[in-house]
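Everything below concerns the one structure shown next.
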Amino acid sequence: MTRLNTQPHFGTAGERHRHAYTPGDDFYDALIAAHRGLTDAQSELLNARLVLLLANHVGDLEVLREALAIARRGVDVALDAPGGCKPALPG
């Protein structure tokens with residue numbers, strides 16, 4: 001049984017948005033801003049730290065293993081795609 005939520009689930013407590021994707025766009029903007037001005041090595045370190053912080057926040061090893069498997073499957077598919085780096089959607 002799937003326990004990992006792969007549906008859009010972004011939001012800010014107490015805020016309502018006209019479009020469901022708006023909070024996700026806001027997160028993407030913040031993520032890009034966090035990487036701005038960093039070297040490739042610094043960006044990789046930021047990503048690693050972010051993954052570990054969020055994994056600690058989630059805490060449920062079953063959910064984390066499911067997320068790892070889905071993320072890995074997406075990378076395997078993306079590497080086989082023409083051009084080698086097209087992102088694959090989870091699910």
Across (1) more than 15 Å from the chain's Cα centre (by Cα); (2) surrounded by 12 or more Cβ atoms within 10 Å (Cβ to Cβ); (3) not small (Gly, Ala, Ser), Leu31 clears everything bar (1)
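From the list Leu45, Leu52, which residue is at pLDDT 95 or above and closer than 20 Å to Leu4 by Cα? Spell out how you get there, then give the answer.
Details: Leu45 fails: closer than 20 Å to Leu4 by Cα.
The unique qualifying residue is Leu52.
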Kindly list the number of the only condition in (1) modelled with pLDDT of 95 or more; (2) assigned to a helix (DSSP H, G or I) that fails for Gly37. (2)
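The values are calculated or read from the model by the stated rules, or taken from the named source; none is laboratory data. Since the model is a prediction, treat every value here as computed from it, not as a measurement. Glycine gets a Cβ as well: all are built from the backbone with ideal geometry, and neighbour counts include every protein chain shown.
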